[in-house]
1. Counting just the residues of the range A:54-112 that are within 20 Å of residue B:38 (Cα to Cα), modelled with pLDDT of 95 or more and in contact with an Asp or Glu (Cβ under 8 Å, 6 or more places away or on another chain), which one comes out surrounded by the fewest Cβ atoms within 10 Å (Cβ to Cβ)?
2. Of the residues in the range B:1-28, how many are outside any loop (DSSP other than H, G, I, E, B) and open to solvent by less than 70 Å² (accessible area, probe 1.4 Å)?
3. Cβ-Cβ under 9 Å, sequence separation 6+ or interchain: first residue in the range A:25-42 and over 25 Å from residue A:61 (Cβ atoms) and touching a residue at least 60 places away in the same chain (Cβ under 8 Å), partner open to solvent by less than 30 Å² (accessible area, probe 1.4 Å) and assigned to a strand (DSSP E or B). Which pairs?
4. With the requirement that a residue be at pLDDT below 95, open to solvent by 40 Å² or more (accessible area, probe 1.4 Å) and either charged (D, E, K, R) or over 14 Å from residue B:25 (Cα atoms) (or both), what does the range B:64-102 give you?
5. Given the options B:55, B:31, name the one that is within 11 Å of another protein chain (Cβ to nearest Cβ) and open to solvent by 40 Å² or more (accessible area, probe 1.4 Å).
6. Residues to consider are B:69, B:84; find the one that is charged (D, E, K, R), under 14 Å from the mean Cα position of the chain (by Cα) and more than 10 Å from every other protein chain (Cβ to nearest Cβ).
7. Restricting attention to the range B:103-116, which residues are more than 10 Å from the chain's Cα centre (by Cα), over 13 Å from residue B:29 (Cα atoms) and either open to solvent by less than 50 Å² (accessible area, probe 1.4 Å) or away from chain A (no Cβ under 11 Å) (or both)?
8. Restricting to the range B:1-28, give me the number of residues that are among the polar types (S, T, N, Q), touching a Ser or Thr at 6+ places or on another chain (Cβ under 8 Å) and within 13 Å of chain A (Cβ to nearest Cβ).
Amino acid sequence: QQQVKQSPQSLIVQKGGISIINCAYENTAFDYFPWYQQFPGKGPALLIAIRPDVSEKKEGRFTISFNKSAKQFSLHIMDSQPGDSATYFCAASRRGNEKLTFGTGTRLTIIP
Amino acid sequence: GAGVSQTPSNKVTEKGKYVELRCDPISGHTALYWYRQSLGQGPEFLIYFQGTGAADDSGLPNDRFFAVRPEGSVSTLKIQRTERGDSAVYLCASSLILGGQGTEAFFGQGTRLTVV
């Protein structure tokens, strides 16, 4: 059972544009929703995370939008740069059991 | 160390052999996790340690997989009778647990296991 569904699988965005990646979850017990960035040959690195008591969180060019009723959350990368080209994973976990359930990933390519 | 350290970075082994993968977490992190990442996929949870004990081992695929963390720091993932399907990148992560709640999980660079 895939508990976190992520789309799109790949995304090409022009430099300066907005990159948007979406995730949907099934388990209503999840209460922590991080986004990870992974470069080839490296482990995932936390980008930004949100808890369901807020609907939006912004850190620099990165914003998470969270819709609890729809069980969906998304990552927005503003003013996308070539250095943002990487694979992005959404994930979810719940208090008391900290294991992360990951989405399948989105390969983002920023073109000049 | 500054981050989560995993050794070896690459391991090639023959089908049927036994392998051990090591993880050195960030000093002071009580929680340690093992994940497996197949090509083009997201990491899949294997096992979670809180201190020395396995708090959740529900992700271990079968009894050929075993992990230990005897002193609550370094952990070893052990795979017996390796199969070609075990080929993947094995990731380790660690985090603090504060007030019963996990904080940011920091990942190592992984061990790429290839079974030939």
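The values are calculated or read from the model by the stated rules, or taken from the named source; none is laboratory data. What you see is a predicted model; the values in this text were computed from it and never measured. Ideal geometry is used to build each Cβ from the backbone, glycine not excepted, and the neighbour counts take in all protein chains shown. Note: areas computed on protein heavy atoms with side chains; ligands, DNA, RNA excluded. Shrake-Rupley method; radii C 1.70, N 1.55, O 1.52, S 1.80 Å.
1. A:108
2. From the range B:1-28, those outside any loop (DSSP other than H, G, I, E, B) are B:5-7, B:10-13, B:19-24; that's our starting set.
Filter once more, keeping what is open to solvent by less than 70 Å² (accessible area, probe 1.4 Å): B:5-7, B:13, B:19, B:21, B:23-24.
Of the residues in the range B:1-28, 8 are outside any loop (DSSP other than H, G, I, E, B) and open to solvent by less than 70 Å² (accessible area, probe 1.4 Å).
3. A:27/A:4; A:27/A:92; A:29/A:97; A:30/A:4; A:30/A:92; A:30/A:93; A:31/A:92; A:31/A:93
4. If the condition is that a residue be at pLDDT below 95, open to solvent by 40 Å² or more (accessible area, probe 1.4 Å) and either charged (D, E, K, R) or over 14 Å from residue B:25 (Cα atoms) (or both), then B:71, B:98, B:99, B:100 are the ones that fit.
5. Working: B:31 fails: open to solvent by 40 Å² or more (accessible area, probe 1.4 Å).
Exactly one of B:55, B:31 is within 11 Å of another protein chain (Cβ to nearest Cβ) and open to solvent by 40 Å² or more (accessible area, probe 1.4 Å), namely B:55.
6. Working: B:84 fails: under 14 Å from the mean Cα position of the chain (by Cα).
Only one candidate qualifies: B:69.
7. Residues satisfying the conditions are B:113, B:114, B:115, B:116.
8. Of the residues in that region, 3 qualify.
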